[in-house]
1. Could you derive backbone 3J(HN,Hα) for the range 54-64 from the dihedral phi with the Karplus parameters 6.51, -1.76 and 1.60 (θ = phi - 60°), listing whole Hz in sequence and x where the residue is Gly or Pro?
2. By counting other Cβ atoms within 10 Å of each Cβ, how are Thr425, Thr3 ranked from fewest to most?
3. Note down the relative contact order for the chain as a percent, whole number, built from C-alpha pairs under 8 angstrom at least six residues apart.
4. So what is the 222 nm mean residue ellipticity for the chain from helices alone, if each DSSP H run of at least 4 adds -39500 (n - 2.57) and you divide by all residues, rounding to the nearest 500 deg cm²/dmol?
5. Using the count of nearby Cβ atoms within 10 Å as a rough guide to exposure, how do Arg415, Arg112, Arg134 rank from fewest to most?
6. What does the highest-first list of 315-323, 202-210, 20-28 look like by mean Cβ count within 10 Å?
7. Using a 10 Å cut-off on Cβ atoms, rank the peptides 244-253, 80-89, 224-233 from the highest mean neighbour count down.
8. If one computes the Cα centroid of the range 367-428 and of the range 58-96, what distance in Å separates the two points?
Amino acid sequence: MNTQISDNLYQRAVNIMPGGVNSPVRAFGAVGRNPLFIEKAKGSKIYDVDGNEYIDYVCSWGPGILGHAHDEVIEEVMKAVSDGLTFGAPTKKEVILTELVSELMPSMEMVRLVSSGTEAVMSAIRTARGYTGRDKIIKFKGCYHGHSDGLLVKAGSAALTTAVPDSAGVPRSYTENTLIAYYNDKDSVRELFEMNKGQIAAIIVEPVAANMGVVLPQEGFLEFLREITLENDALLIFDEVITGFRLGLDGAQGYYHITPDLTTLGKIIGGGMPIGAYGGKKEIMQMVSPVGPVYQAGTLSGNPVATAAGIKTLDILKNNPLFYQELDKKAKRIVAAITERAKLMDKEIKVNQIGSLICSFFTKENVVDYQSAVSSDTKEYAKYFNEMLEKGIYLAPAQFEAMFVSVAHSDQDIRKTCEAILSTTIDK
Ligand code: PMP
């Protein structure tokens, strides 16, 4: 695999951007090689600047559920672009997109559009605090909710593999209201409520944790979070930046039949353009400026090009509900290949999968929480990643991330991927 042009670009990039990248996980630090510079993508494939082709299972970390550069989405984006890039004034598309989101996720009675998942979560938490008049929030170790100061505590994603769970530059005072519980551990949540009676504004959770690899909620865990928040007049915030429109049209909340008070979205709702959203009960969302006292704003919020891509993406998903079953079937074929490989090699690999999210952990333990997730041998993962890359399969360049399957992954792509998995020497 010739990566000369990528390597040259990387040499320039590290001199001008920290780590040569604009988001840490892209640096490939966890897999011990230079990052690839991507020139273009179409459908299930991405192409680097050296002309190498890969079947892509990163899918821009989730937005690409339809695959890259879907013709209909691109057409809408082109139309929107020719009408002007931003107005700083309301548009019809914002109304259409927020109505569509609310129709598909009925718990989001009112929606505010922002420009990223980070912003969505930060704003949802401010709203929860404004509404309840309380300061403390509970988050789970290993869940990632963007990089806002108060949430960079025991965060997941690149914050796990870069071994900086607590970021420098975050004053202690900014995180003292962030309480940490353990995912799938009810007692840890109960304890925090008991110790902080009447002070907790909200629990924020990734209903399916997808930033410490993929970790599913154990039976009754999400129900418990709903109950304990109701009992304590606290809000339940589902961070569905990854799971929204990925587990189904109604996200994880539909999948598990739980109604949160607030939901945060990103990724898929922008169809590949920068966007985020938060929303929930009308009574709560009416706390947000200009109707309420919780201030939140954005120059490019509800951007016309991003909303055009988002509307078309959601429309396609809405009109093809069978996509979700197909995604699940494709994912299961990949899981079967990984399991088969592990068996052949007499090696323990645990694979977690739900719908189009997959993660392989190189461990004996069943991965049900943060502790078991980090028991995975990340060196084995790095080896696996590099071998797969050489075979033309582009996986997440770090252990604690999901593998994303898209509608654009063809039968042939899945077959090729399974063959690649079965021919790896990962665990020798
Ligand atoms: N929440 C979750 C669950 C996420 O996975 C992410 C990003 N991967 C975010 C929030 C932050 O989104 P963004 O990167 O768009 O700021």
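1. Per-residue couplings from phi come out as 9, 7, 9, 10, 9, 6, 6, 6, x, x, x Hz.
2. Working: Thr425 10, Thr3 19.
Result, fewest neighbours first: Thr425, Thr3.
3. Details: 888 pairs, mean separation 94.8, N = 428.
Worked out over the chain, it gives 22 percent.
4. On the way: 15 runs with 159 residues, N = 428.
The helix contribution divided over the chain gives -11000 deg cm²/dmol.
5. Ordered from fewest to most neighbouring Cβ atoms within 10 Å, Arg415, Arg112, Arg134 come out as Arg415, Arg134, Arg112.
6. Numbers: 315-323: 13.9, 202-210: 26.8, 20-28: 17.7.
Result, highest mean first: 202-210, 20-28, 315-323.
7. My ranking of the peptides, most packed first, is 244-253, 224-233, 80-89.
8. Going from one Cα centre to the other spans 30 Å.
Only the coordinates and a few stated rules stand behind these numbers; no lab work does. All values reported here derive from a predicted model rather than from experimental measurement. Positions of Cβ are backbone-derived with ideal geometry, glycine not excepted, and every protein chain shown enters the neighbour counts.
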